[in-house]
1. I'd like the orientation of helix B:163-177 relative to chain B: the angle between its Cα long axis and the longest Cα principal axis, in ° from 0 to 90, rounded to 10.
2. Assuming a ≥ b ≥ c are the square roots of the Cα gyration tensor eigenvalues, decide whether region B:123-210 counts as rounded (a/c under 1.5), prolate (otherwise, with a/b larger than b/c) or oblate.
3. Which of rounded, prolate or oblate describes region B:266-334 when judged by the alpha-carbon gyration tensor and an a/c cut-off of 1.5?
4. Multiply the residue separation of B:Lys321 and B:Arg56 by 0.36 nm, subtract the distance between their alpha-carbon atoms, and state the gained length in nm to one decimal.
5. Only Lys, Arg, Asp and Glu count, each charged at its Cβ (+1, +1, -1, -1), so figure out the dipole size of chain B about its Cα centre, rounded to 20 debye.
6. Per the helix-only calculation at 222 nm, which mean residue ellipticity applies to chain B, given -39500 (n - 2.57) for every DSSP H run of n ≥ 4 and division by its residues, nearest 500 deg cm²/dmol?
7. Do you know the Lys pair count in the protein assembly as shown for C-alpha distances under 22 Å, with sequence separation 8 or more or different chains?
8. Tell me, A:Cys32, B:Cys210, B:Cys284 in order of fewest to most beta-carbon neighbours within 10 Å?
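What follows is calculated from the coordinates using simple rules that are stated; it is not laboratory data. Since this is a predicted model, take the numbers as computed values, not measurements. Here the Cβ is made from the backbone with ideal geometry for all residues, glycine too, and neighbour counts use every protein chain on show.
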Amino acid sequence: MTDGIPAAPGTDAWFHDGPDGFVLLAGRCTACGALSFPPRPIPGCPNPDCDGLEQHPHALSTTGSLWSYTDARYVPPPPYPRPPDTEFSPYALAAVELDAERMIVLGQVAPGVAVSELTVGMPMRLVPGVLVSSAGVEERVWNWRPGA
Amino acid sequence: MSRPDSVAVLGVGMHPWGALGKSFVEYGLVAARAALADAGIGWRDVQLVVGGETIRNGYPGFVAGSALSQALGWQGAPVASCYAACATGAQALSTARAHILAGLADVVLVVGADTTPKGFFAPVGGDRPDDPDWLRFRLLGATNPAYFGLYARRRMAIRGTTEADFAAVKVKNARAGSLNPYARFRAEVDAETVLNSPMVSDPLRLLQICATSDGAAAVVLASEEYARRKQRDAVRIRAISAITPEYPRTVPDFPYLASDSAAISPPASRTFRESLAWSAYESCGLGPEDMDLAEVYDLTTAMELDWYEEIGLCAAGEAEKLLHDGATALGGRVPVNASGGLSSFGEAIPAQAIAQLCELTWQLRGDAGTRQVAGARAGVAVNQGLFGHGAAMVVAHA
């Protein structure tokens with residue numbers, strides 16, 4: 001299922017692709033249950049009233065509703081990858097609200113979906129995505145796609 | 001009347017904004033000398049220098065207070081430099097104010113100056129996968145305008161705002177900016193031109209997003225007693241709130257990739273942006289109804305409308321009506337961005353909040369020329385930056 005595609009830099013343990021599908025992994029405080037995405041790279045809980053130090057991986061809901069969206073018509077500056085010998089292709093970005101977690105998670109929208117196909121409030125689902133690095137190497141990221 | 005919580009604005013000065021390609025130190029020097037002259041004091045009278053840092057100008061940028069002190073000629077005063085993203089200037093002012101209120105200094109020079117690259121702001125160099133600012137560019141290609149686009153589209157969806165509403169904000173600010181000699185963009189713009197400018201991040205077009213600029217602003221702050229002796233005690237800073245968000249943040253503000261989760265902890269009754277102005281109001285006992293004008297951080301036209309509601313100029317959902325009634329234009333009930341705003345200046349990060357104070361000071365002194373807000377006695381300025389930064393200031397007549 002992973003196709004052997006390595007996780008993009010900085011995203012180790014941010015998602016998991018297993019027999020049950022592709023999921024984003026939040027950090028969940030073992031003391032108070034607070035969720036963080038991305039998982040915190042440092043010990044400690046984001047809740048100011050909690051002194052918990054330990055976080056366990058917690059699979060987030062893979063569906064939500066579209067909180068907002070936009071796109072990028074111009075090439076972003078580095079470190080956004082510029083694969084060799086390829087034209088820049090504009091991409092849409094989605095902010096998706098997960099109901100159970102009451103959390104909004106950003107992501108690129110799957111290739112080929114234009115902003116004209118998006119509406120605030122519509123159901124969205126998580127899918128694996130691919131980013132091509134400036135060295136031309138495929139990297140695993142997450143994407144959002146319309147659909148329940 | 002003297003109040004224990006106020007400091008006087010003794011003098012203000014700016015270097016014109018632009019894309020000029022000179023050292024930020026030169027801009028800062030010009031602004032500092034202008035502020036000292038306006039205050040009627042000499043450089044050797046200054047007892048503390050606070051510099052707003054710039055992160056795109058090497059080591060001198062990180063030690064901006066020192067770079068400016070050396071440029072003016074070492075005279076031995078203590079120095080501080082601080083960085084708070086787009087709220088840098090406000091934090092520098094807050095530091096200066098705290099020293100004065102604590103009795104540690106009578107006269108403080110605050111300077112913010114920047115030289116910025118053209119185009120999108122980018123993270124500082126190097127591979128840093130533990131830096132949220134690096135990650136949002138590397139993984140998502142999420143530039144500042146992309147985040148602005150998310151907020152603008154959200155407003156359109158929940159408030160019914162149209163592209164034409166956004167364009168009307170630009171038309172208003174360009175008109176005010178055309179009257180400001182320090183603004184970079186001084187041409188009036190019509191709505192059609194705005195709506196035909198290239199789309200950058202849907203639904204925002206080029207003329208609805210503020211540019212990046214070079215520029216500098218400086219102020220001299222003083223204790224009440226010192227200002228009285230100099231007979232420069234007309235304008236006072238009554239409050240500065242330079243605060244952080246309360247967990248959980250309910251909005252995916254940049255540079256983060258997600259909001260906090262509100263599943264375990266309910267959100268605070270005010271959003272972070274709302275809390276900025278309201279905490280300043282509450283600390284000085286003035287409210288939005290007392291404000292004669294406002295300078296708000298219009299990184300985009302859409303964001304200006306959000307601020308109207310967040311700083312209490314109108315109820316939630318009524319910003320478009322306030323705009324179209326002309327209340328926030330020059331000559332209206334409460335002009336917003338009488339300076340022309342970021343829309344007319346472009347953003348010179350560490351200078352921008354200080355420039356807001358310069359404008360409020362000119363307006364309250366009656367020195368704002370053709371863009372003067374008649375009879376202005378109190379004003380508010382507000383800004384927000386990356387990494388949980390933001391600030392508001394309330395400035396009023398004595």
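1. 20 degrees
2. Numbers: a/c = 2.92, a/b = 1.57, b/c = 1.85.
Taking the square roots of the gyration eigenvalues as a ≥ b ≥ c, region B:123-210 is oblate.
3. Values: a/c = 1.92, a/b = 1.32, b/c = 1.46.
In terms of gyration-tensor shape, oblate.
4. Details: separation 265, 0.36 × 265 = 95.40 nm, distance 3.96 nm.
Net length gain for the segment: 91.4 nm.
5. Details: 34 positive and 41 negative charges, 125 e Å.
So the dipole magnitude of chain B works out to roughly 600 debye.
6. Numbers: 14 runs with 142 residues, N = 398.
It comes out at -10500 deg cm²/dmol, rounded to the nearest 500.
7. Values: B:Lys22/B:Lys118; B:Lys118/B:Lys170; B:Lys170/B:Lys321; B:Lys172/B:Lys321.
Qualifying lysine pairs in the protein assembly as shown: 4.
8. Values: A:Cys32 15, B:Cys210 25, B:Cys284 21.
By the 10 Å Cβ count, ascending, the order reads A:Cys32, B:Cys284, B:Cys210.
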